[in-house]
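This report concerns only the one structure given below.
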């Protein structure tokens, strides 16, 4: 047998004249020399991983029940699904399926190599000789690291729980636990994730007028809702049951917003009129769609936004910039960070909690000021 550059891995020709990888290891005085696979179907890195699996198997070890990353990832997502937002769930599953599954999905957690994932990160950032069709933003690639870090933290925590159970039951510990979070070893170039928002007063007024005069009444109401500081999918999933027209308030349940806390926000006459124009119902989604969710989807929203911003002559403005616009105008009109934070649904500070009974009135004042400025009037913004 011919040695390779990796300890315990050799090559030889089988009876058909093809090169095969052979492992060599000793357990309890007994030497094993199993054939691992045939080249080029198997490469040296895969042979090393296979040898490690066989050693653990002979020792009776099982890493998290012998489950692969694919299985463990599904368990991790199910475990975290109820505690985090829907957008987190969608993003992490999409990134894993699109970029990570083919690379590490069939491996066991302790066999995953940091350099494999680091190569993937560097490749998608365009720093390798071979380039992807589309170089991803650093903020997007960072989600690979976040995905791995979260998964391995979960595996480490679960391993500690298993060890405690084994110790209490007096069982012989034969399961190998994950003890190192390889996500912390991945390197992502530093980047500035701040959004620097600039818009002239003329542009802001033009966008506002385009929204309030948008020909489709349903989409007009949708965009007017966004002008109240709400996020894209918060509004998309709004239901009639969450709106109180008598007390002029609406609710957004914790599971439907990024902050994972129930939001109670003031409804302006401006928004009330927009909703009345599309026909108030007792229940159901306000913005109905034909997809599996039952409400309008991201692609439909993006299409209407491209159309609207084109009419406003603001082709490069992002939909999320509407939230920045509200905050920008409110700051420049002297409103406090606490008031603006409430309008936008940001996490409240300790100071804000002291004045929780003043939030609603303050938020209504913020919106009134902003709409007065955008409409160029002191009365009804419509």
> Out of all the residues in region 116-128, is one or more modelled with pLDDT under 85 and not assigned by TED's automatic domain parsing to the domain that holds residue 261?
Replying inline: yes
>> If I filter region 301-311 for residues that are modelled with pLDDT of 85 or more, exposed (fewer than 14 other Cβ atoms within 10 Å of the Cβ) and within 20 Å of the chain's Cα centre (by Cα), do I get at least one hit?
In response: yes
> If we scan region 229-244, do we find a residue that is over 31 Å from the mean Cα position of the chain (by Cα), assigned by TED's automatic domain parsing to the domain that holds residue 368 and under 26 Å from residue 299 (Cβ atoms)?
Replying inline: no
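One line per residue, one yes/no per condition, for (1) surrounded by fewer than 16 Cβ atoms within 10 Å (Cβ to Cβ); (2) in contact (Cβ under 8 Å) with a residue 40 or more places away in the chain:
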site	(1), (2)
23	no, no
49	no, yes
81	yes, no
85	no, yes
103	no, no
> Filtering region 244-262 down to residues that are surrounded by 19 or more Cβ atoms within 10 Å (Cβ to Cβ) and touching a strand residue (DSSP E or B) at 6+ places or on another chain (Cβ under 8 Å), which residue is modelled with the lowest pLDDT?
Replying inline: 257
> Which residues, taken from region 286-306, are part of a helix (DSSP H, G or I) and within 25 Å of residue 272 (Cβ to Cβ)?
Replying inline: 300, 301, 304, 305
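Consider region 177-206. How many of its residues are assigned to a helix (DSSP H, G or I), within 31 Å of the chain's Cα centre (by Cα) and modelled with pLDDT of 85 or more?
Residues that pass the stated criteria total 4.
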>> Just to verify a result, which residue in region 106-127, among those that are in contact with a helix residue (DSSP H, G or I) (Cβ under 8 Å, 6 or more places away or on another chain) and in a loop (DSSP other than H, G, I, E, B), is farthest from residue 185 (Cα to Cα)?
In response: 106
> Considering only residues of region 31-68 that are out of contact with any strand residue (DSSP E or B) (no Cβ under 8 Å at 6 or more places or on another chain) and assigned to a loop (DSSP other than H, G, I, E, B), which is modelled with the lowest pLDDT?
Replying inline: 60
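Out of all the residues in region 12-30, which are within 22 Å of residue 113 (Cα to Cα) and assigned to a strand (DSSP E or B)? Can you show your working first?
Keep residues of region 12-30 that are within 22 Å of residue 113 (Cα to Cα), which gives 21-25.
Hits for region 12-30 are 21, 22, 23, 25.
The values are calculated or read from the model by the stated rules, or taken from the named source; none is laboratory data. All values derive from a computational prediction rather than experimental measurement. With ideal geometry, Cβ positions are generated from the backbone for all residues, glycine too; neighbour counts draw on all protein chains shown.
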